[in-house]
Amino acid sequence: MMKLLYTTRSPYARKVRIFALEKNIDLDLVPEDLTAKSENLLKNNPAGKVPALILENGQALADSAVICEYLEYLKPEPRLIPTDPEKRFQILHLDAVAKGMTDVTVSIFYEQFLHKDNVNKPFLESRKKIIHDCLSFFESRLPQIEELHAASINLACGIGYLEFRFADFGFRQQFPELMTWYDKFIQHPSLKKTAPVE
């Protein structure tokens, strides 16, 4: 069985887990502690990031986008990344914006975690604006994220992480239509099963 190195909090690993659940691909989930990275993680991904997927032949794949492409290759149905070029690149574009928002959210967490007594407030405000702009971008494109696909999954993981870490940002009040979509979307069993936990 393939092994997935992950944390229960990682929105990137969550995306992979959702892909696997939707495709009924069994993964051996191997928890990692990112404050004390294991030799196994560093051997398979020297960047020390999760997720990392270890195939049955011992080869490793890093990065959620790469791993999801591999799972799509292993089991094309249900298709989560379209093959039609026009639809494919539309979804990949939305997927990239969702990932960018998540990257920014993670950067805020680490800024506050690493500099508790000397937080860079201008940095935080600039990051919050990026998150605001990304959420606004998606609220204006709700028809494009109605279906279950790579981008809608990634966005739900990103919003889930944002809510997990920074529920006090007030985004629910600012983007009620997007949050209505989100609350409905996360009722998918695969999203319920992978909700972030400490």
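Side notes on the structure shown:
- Any chance Leu148 is closer than 18 Å to Leu21 by Cβ and part of a loop (DSSP other than H, G, I, E, B): yes
- Note on the stretch 48-79: residues that are outside any loop (DSSP other than H, G, I, E, B), touching a residue at least 40 places away in the same chain (Cβ under 8 Å) and over 14 Å from the mean Cα position of the chain (by Cα) amount to 5.
- Beta carbons closer than 8 Å, at least 6 apart along the sequence or on distinct chains, pair a first residue in the stretch 23-36 that is assigned by TED's automatic domain parsing to the domain that holds Pro51 with a second that is surrounded by fewer than 14 Cβ atoms within 10 Å (Cβ to Cβ) and hydrophobic (A, V, I, L, M, F, W, C) for Lys23/Leu74; Ile25/Leu74; Asp26/Met1; Leu27/Met1; Asp28/Met1.
- Restricting Asp95, Asp103 to residues that are under 16 Å from the mean Cα position of the chain (by Cα), outside the structural domain of Val50 (by TED's automatic domain parsing) and free of Cβ contacts under 8 Å to residues at least 12 places away in the same chain narrows the list to Asp103.
- Number of residues in the stretch 120-131 that are surrounded by 14 or more Cβ atoms within 10 Å (Cβ to Cβ) and out of contact with any Phe, Trp or Tyr (no Cβ under 9 Å at 6 or more places or on another chain) equals 3.
- Of the residues contained in the stretch 26-37, none is found to be touching an Asp or Glu at 6+ places or on another chain (Cβ under 8 Å) and of a type in the set (Gly, Ala, Ser).
- On inspection, Phe19 qualifies as farther than 30 Å from Asn120 by Cα and assigned to a helix (DSSP H, G or I).
- The residues of the stretch 80-135 that are at pLDDT below 95, in a helix (DSSP H, G or I) and of a type in the set (S, T, N, Q) amount to a single one, Gln112.
The values are calculated or read from the model by the stated rules, or taken from the named source; none is laboratory data. Quick caveat, the model's predicted, so the values are computed rather than measured. Every residue, glycine among them, receives a Cβ derived from its backbone with ideal geometry; neighbour counts consider all protein chains shown.
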